[in-house]
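This report refers to the structure that appears directly beneath it.
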Amino acid sequence: MTRILKPREGWSRRQIMAGLGSLALIYPICRFVAFKVPRKPTLVNIAKPILTNGYLVESDFVLFDRNGRCWALSRKCTHLGCKLTYHEDQDIFECPCHQSQFHAETGEVRRGPAVKPLVFFPVEKRESDPFYVVTT
Ligand code: FES
């Protein structure tokens, strides 16, 4: 009498163990590849006071001190990263690459193609030198 073996349906134990073993190897590799070292914040000391309702243009940001409020907006365009120009007469930032515009008070997009608002940097105002400390 001969026995006829039927093919097994579904996953075999060997296939399941091989799949779990592959995941156990691939997961740490993916974590390693995707890991980014967090950037350390940089403190920028501003040694001179800003005139009343004035502003100061630095290489990475523009610092405003108006009506008792201080804020610093990044000069990096949120579209593709070009350096923005501040236009005092219109109180806007404009990108030289694709002409996106941003409000200087809110950082909101005024005209695209950029869709994200500008980044605000924390500002600490002091009574003596350094008069402002901006964390970028
Ligand atoms: S990089 Fe600024 S609008 Fe494109």
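Bear in mind that the values in this text are calculations on the coordinates, not laboratory data. Given the structure is predicted, the values throughout are model-derived calculations rather than measurements. Glycine also receives a Cβ, built like all others from the backbone with ideal geometry; neighbour counts cover every protein chain displayed.
Treating only the Cβ atoms of Lys and Arg (+1) and Asp and Glu (-1) as charged, compute the dipole magnitude of the chain about its Cα centre; round to the nearest 20 debye.
1500
Put in order of Cβ neighbour count within 10 Å, fewest first, the listed residues ILE26, ILE46, ILE4 become ILE4, ILE26, ILE46. Cross-link partners for LYS36 among the lysines, with Cα-Cα distance under 30 Å and sequence neighbours closer than 8 places in the same chain left out: LYS76, LYS83, LYS116.
The long axis of helix 13-34 is offset from the longest Cα principal axis of the chain by roughly 20 degrees. Taking the three principal axes of the alpha carbon atoms in region 43-135, the coordinate ranges are 41, 25, 17 Å, sorted in descending order.
Since only HIS79, PHE64, GLY54 are under comparison, the one whose Cα sits farthest along the positive direction of the charge dipole of region 43-135, derived from C-beta charges on Lys, Arg, Asp and Glu, is HIS79.
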